[in-house]
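Before any comments, here is the structure.
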Amino acid sequence: MHIRIPCFAVVGDRSSGKSSVLEAITGLRFSAKDETGTRFPIELHLSPNLYDQDVTINVRIQSSNTSKQEEYGVDKSLFDEIGISGIIDAAQGKILEGGARFSEDVLTIDIHGPGVPHLSLVDLPGFHPSQNDNESITDREIVDRLAERYMTECLILAVVSAQQHPQNRVTSQRVLSEVKRYDKDNTHTLGIITKPDLLMPGIQNEKDFLSLVKDIDESVHIPALGWHVLRNRSGTKVSDTDEQRDQEEESFFQSSYWSNIVPKNLGAPTLRAKVNSIMLDYSKRDAHRLSKVCKETIIEGKNRLKLLGEPRSTASELRAHLDKLASRFHTLCLHAIEGNYGDEFFGSLFPGHEAGWFEDNRIRKLQALLRDQNRAFVHVLNTKGSKRIILPKGSNASRPKTSPPIFLQELVDRYDFDEPANITFEDVAAHLQLLLPAYQGREFPGTANDTLVIKLFREQSQPWEAIARRHIQLMLSMAEEFVKKLVHHITRPDLNTCSRIISKIVEPFFDLKSTVLESKLQELLYHYKTGHLQVLDAEFQARLSLRRQNNGNLDQIRDLFANHPEIFTQETRRQLGEMGQSEGAPVSGIDELIDKSEICYEMSLRTFTDNVVVLAVENCLVRDLPFVITTERFKQMTDDELEQLASEAADIQETRQQQQVELDFLRESLQACLKWKMKRE
């Protein structure tokens, strides 16, 4: 939000001297235009810059029939040499294309620099006192529409020429009728008389203008803000400085009949003071609104400065800045790991539906996502962790497929592994029966060498490594994305520092963690791939006894079915018929060998799953996330390293400086508004 100071519309008949008025008020150099004068509205927005010696210029052309704005570069050296007229002349070729004489396109010129007044003016095409052959109806309509647009909204500086000419009597100048038309209440117009040095002393025209300035000519409209007399710069002395021009003007008024006029109504210096006074008076009338706008804008400015952070140019400032970032990072990262999602970083209850909002929301709430990804990992290991599914003894029917909860399906799909093939218990037993002779040891007859148990277990658990590695990669990827989002949040809007921290600290951290986690995975797999399997005795014995009991019960049922089928229902007889007859006692303990391997697989799968989740992901990754960025690390950096990591970008420094200038101006404006309100009350 910006405070709009009152804008002055400079209006007058053609060749009335509006350029001289603009020069006198702004201090900018305007060259004399051709006989047509101003051909399109020229808005001048001037503002001072107390902290920079360079003048910045921004020029744009606003088309009258479109909302498009065209910005183009300005040759600053041309401005320094010729003045603002160089900009106007360059823009004229763009605006008056196709031979047009007048246009409603607006040339806007913003000038910001030392010694530049805080002022907004608009120079309008001049009125012609009467129609002539050189002016078309279209041209007159353009001039009239521009007058209506600006004279109804702006303070008016009505320029009247005193040049000796039969048609230039005061009452014949059209500008006065236009002022009466648009300033109906006669409240916001200042009359300015130019070219007083071109009047012949003692003739009627000079007396008319003198009476006009003294407010004693009742036949002429008297503006509410009175009249002011300004001597134009001589055409032969365009190279004179502003001080020389003002001195020559002062000498003229002191040596002529105009010396009888009150000094405050004569000359460029007093005109500048009068314009400032008028602008201040109109601002004061709106003091309540302006004070409210100032307060709101000050709050906005403070928030913008807060987002930019503290200035940092010295090593101590850089270190302090990085310490704050580290502290903020540590706190928010701990909150994310603990599931405390109260900070704004974690988003609102209804974050919206823009593209990617759901994924972004999930990543920021890290603990919730990690827990769901662990659940997905458990599901995949349970359903795809074995190389083959060994069907129950005597059964040919496939196990029903287990589906995850709907909210986990997307996470489960990230593990791209095939479903394991089914194999019957009998096929596995037959295959092992062929291998049994090659694995004979010193065991008693009728028992199998437990080496086959371990071999079968390792064959079945082969997919564990790939699934666990995929899980670790997913957890690394999610954690890294979370950390990058958090770094971006705490460093905004400083994208340079954000990218440097990510490239020099965050990415190396996760590269190292990738190596550490791969090493941890191999450590967890070693026991199952090459070591000696260790299972809990009591649980193993209990599970094996239960399987033996179930198998014995099944054999008894089969025998009973073979001898007395009539005691079973038709459906039960069908199912038992599909299972086939008992083949007697297992040969060399093959059935028990398979049972032992399956029990060992089930017990080890649970332990391995817990170890990957806790010992690998939690202890080697998640636990260390709050320490990716630490104050201790920054303390160990040299001044050059700090500079490379967190030096402030030039655009941010410039933005902060500009924001501070605006804040200072707003505070001064607010104090002025409050003082004026107190006076009025």
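No value in this document is a laboratory result; all are computed from the given coordinates. As the structure is a prediction and not an experimental result, all values here were calculated from the model. Positions of Cβ are generated from backbone atoms using ideal geometry, with glycine treated the same way; all protein chains shown enter the neighbour counts.
Calculate, in nm to one decimal, what T451 and I406 gain on full extension: separation in residues at 0.36 nm each, minus their alpha carbon distance.
Contour length minus the Cα-Cα distance gives 12.0 nm.
Give me F209, F358 sorted ascending by neighbouring Cβ count inside 10 Å, so fewest comes first.
Ranking F209, F358 by Cβ neighbours within 10 Å, fewest first, gives F358, F209.
Between E539 and E643, what length comes free when the chain is fully extended (0.36 nm per residue of separation minus the Cα-Cα distance, one decimal in nm)?
Extra length from E539 to E643 when fully extended: 31.3 nm.
Given 0.36 nm per residue, what is the gain on full extension from D418 to S499 after removing their alpha carbon distance, in nm?
Value of the extension gain: 25.2 nm.
With a 10 Å Cβ neighbour count serving as the proxy for reagent exposure, in which order, fewest first, do D640, D13, D664 appear?
Arranged by neighbour count, lowest to highest, D640, D13, D664 become D640, D664, D13.
Compute the FRET efficiency between R181 and R667 as 1/(1 + (r/R0)^6), taking r as their Cβ-Cβ distance and R0 = 30 Å, and round to the nearest 0.05.
Calculated value: 0.15.
Step through the residues of the stretch 306-315 one at a time and calculate ³J(HN,Hα) from phi using the Karplus curve (6.51 cos²θ - 1.76 cosθ + 1.60, θ = phi - 60°), rounding each to whole Hz and writing x for Gly and Pro.
Karplus values, whole Hz, x for Gly and Pro: 4, 5, 6, x, 6, x, 9, 10, 9, 4.
If I model a spin label as a point 7 Å beyond the Cα along the Cα-Cβ vector, how far apart are those points for E518 and D651 in nm?
So the label points at E518 and D651 sit 3.8 nm apart.
Here are some pairs, K295/K675; K264/K675; K520/K596; which of them have Cα atoms lying more than 18 Å apart in this structure?
Listed pairs above 18 Å: K264/K675; K520/K596.
At 7 Å along Cα-to-Cβ for each site, give me the label-to-label distance between E300 and R470 in nm.
About 5.2 nm, to one decimal.
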